[in-house]
Each structure stands twice: as structure tokens, then as C-alpha cells.
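Heads up, the thing below is written out as C-alpha cells.
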């Protein structure tokens, strides 16, 4: 009974089975018990065991099975001034440190990064991505970050790591001189530069960053909308032809806009376009289409095509004088607001005016 009681006062097996995905450090619970000399220490793959004795970093063990004796506890033996024949129980804090990768850690710029773009000038950028971290130096990580925390998770250090990443990202993007429209093609290169900058800083904490990714570099919403409009104009190309195509397509689909109403709307669009770019109707073969006439004045006015040029506007009284001079003939091309393209004068309302012009006098 006495032997069993004494045995219960000592710890003879030390190990850690990690059943979480975010625990970086876990303190072995001694509950006031001493560690038996010669106890077994089991350190699994992806772990390290760190001994802290009276607040001082002592021995660090990598994966393996150990018998805790003076020959494999050199630092602790020195701190305790143990002699070679020491075999008594001892008290130390044992921390297990996970040395596996902690993947899919998020980072992002909380505030925009000011940069000078060669095309757009001063501009604001945002960036975000992911990274992986792992403990490269368990002893340094314990002394610099963890301290006496009995259970330390990845979330407790990720905020500090994000600050380091954002600072390095701001410096790299602001000084890269890469046009913002070309940054998507250089994300991998920029990511390597940022990773190289943050590497020495996180090493001071006993950490490494084995993977670092920039997922996206974005512009403010209003700037992106302006770029979308600019891209749309580039895709459309000739805006006049684009409008003509849309109007013609609408008229070619009688049921597309609700039967007759749809056709009327499409025709109205076509008419508005015709008034903007000139009268409808192709010019005669071999001739250049006449330029658009000026806005009509009050009353019924007409335009006259002479030698590929537009003349006018003329009131009917003016046309009567031109007809008397022979400038206006039945074959002359004329146009007035609301007319479907250029037409010969004899096919318009002006045929009445032409019929009132006397024929040439007979030869003497």
C-alpha cells in the first residue's frame, strides 16, 4: 500500500495526443506531482517537448522515445547541479510544441495601400491571401511568444503575423512600380518578395512561413466601375456601328419587343439614330454620302444635294426660285425632316412646285 501511494506521487510517462487542429503549445499537466527519474518521454512526429525549469528554458526534445536521465537532460542537470549518481524525482514544466504546418491562415489589408501607378497616378490598393506557418525553433517560440500559457493556439499569434505581412505587403506594392493592370500576372513574383521580407521577422519568434500566397490585389469599387466602362467602350469599338446594329436587330425581331409595339419602339430608335448621324438611305453608287443637314428651322424646309454636297435649308419659296433657274429639277435629290432618306424631287411634295415652272421658251 505504501509503495502504491508513493508510486502515485510520481509521473513516469509523459506524452501528448493532439486531437485539435489549431493547438500550437500544450502544457503537460503534472498536478503538483514530480517527474520520476528515468520516466519515459514520448515525442511524436510533428512535436517537440520543451522543459522549463524554474522559469528557465532547459532541454528541448525532438520526435522519439526518451528515458529521462542525466545523460539526456544536460541543461537541466547543469541547472540543478545534479551529480552523476542522481536518481531522485524532480519537478519541471513540460510543454509540447506542435511543429506541423498550420495551413490556410488568412491575411488582408485592413486599410488601402497608397501606391503610384504609371498609368493612373496615385491609387489605392487592397490585397489579401493565405499563408502557412510552423514552429521552426520550439525553444525560441516558448521564450518569445508563449511564456507560461498552458494552451496556446494559432489564433493567438496569427494577428501579429498578419501585421508583419501587411507591413511588408504595403512596402512591396508601393515600391514595385508594376502597373496595377499587370499585377495579376505578377502575383507569384510579388508573393516571393513579400515572403523573403517577412521571413527574418517571424524567425525572431521561432516561426517560419513555408508558404505564402497573394490571392488578389483589388482597386476601390468606384475605380473598378470606371475601368469596367472603359473596357466596355473598348469592346464596342465603333459606337455608331454598334448603335446601328442594335436598332436593326430590334426591327428584325417583330416579337422581340411585343409585336407591333416592339417594332414601333425599334423604329423610333432607328429614327433617332438617323437624325443623329444623317438621313437614312445609301448614297448612289460611286458617291460619298452627303453630310448630315443642320437642324431644321421653323416651318417646312428642304435640303438639296448638289455635286455630293448638301445645300440648304430652303423654304419652298426659295426652291421655286431655284426651279426657275434650273438648279432644281425633277431628278434633283432632296430631303426634309421626317422623310425616309434622299429622294428625287419629282417623287416628293415638290412635284407640285415643279409643275408650276414654265417650260423653256421655244427657239426663235
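The values are calculated or read from the model by the stated rules, or taken from the named source; none is laboratory data. These numbers were taken from a predicted model, which means no experiment stands behind them. Don't worry about glycine lacking a Cβ; one is built from the backbone with ideal geometry, like all the others, and counts go over all protein chains shown.
For this structure, a couple of remarks:
- Here residue 27 passes the criteria (1) within 24 Å of residue 158 (Cβ to Cβ); (2) in the same structural domain as residue 164 (by TED's automatic domain parsing); (3) in contact (Cβ under 8 Å) with a residue 40 or more places away in the chain except the one numbered (2).
- The set of residues in the range 13-32 being touching a helix residue (DSSP H, G or I) at 6+ places or on another chain (Cβ under 8 Å) and exposed (fewer than 15 other Cβ atoms within 10 Å of the Cβ) consists of 22 alone.
- Residue-level analysis places residue 48 outside the set of residues that are assigned to a loop (DSSP other than H, G, I, E, B) and either within 17 Å of residue 13 (Cβ to Cβ) or in contact with a strand residue (DSSP E or B) (Cβ under 7 Å, 6 or more places away or on another chain) (or both).
- Within the range 196-209, the set of residues being surrounded by 15 or more Cβ atoms within 10 Å (Cβ to Cβ) and within 24 Å of the chain's Cα centre (by Cα) comprises 197, 198, 209.
- Considering (1) more than 17 Å from residue 151 (Cα to Cα); (2) surrounded by 13 or more Cβ atoms within 10 Å (Cβ to Cβ), the lone condition that residue 47 does not fulfil carries the number (1).
- Residue in the range 60-82 that is crowded, with 18+ Cβ neighbours inside 10 Å and either assigned to a loop (DSSP other than H, G, I, E, B) or assigned by TED's automatic domain parsing to the domain that holds residue 151 (or both) present: yes
- Qualifying residue in the range 291-302 (condition: more than 23 Å from residue 247 (Cα to Cα) and either at pLDDT 80 or above or surrounded by 17 or more Cβ atoms within 10 Å (Cβ to Cβ) (or both)): yes
- Strands (runs of 3 or more DSSP E) contained in the range 113-220 and holding at least 2 residues at pLDDT 90 or above, within 30 Å of residue 18 (Cβ to Cβ) and in contact with a strand residue (DSSP E or B) (Cβ under 8 Å, 6 or more places away or on another chain): 121-135, 151-153, 207-218
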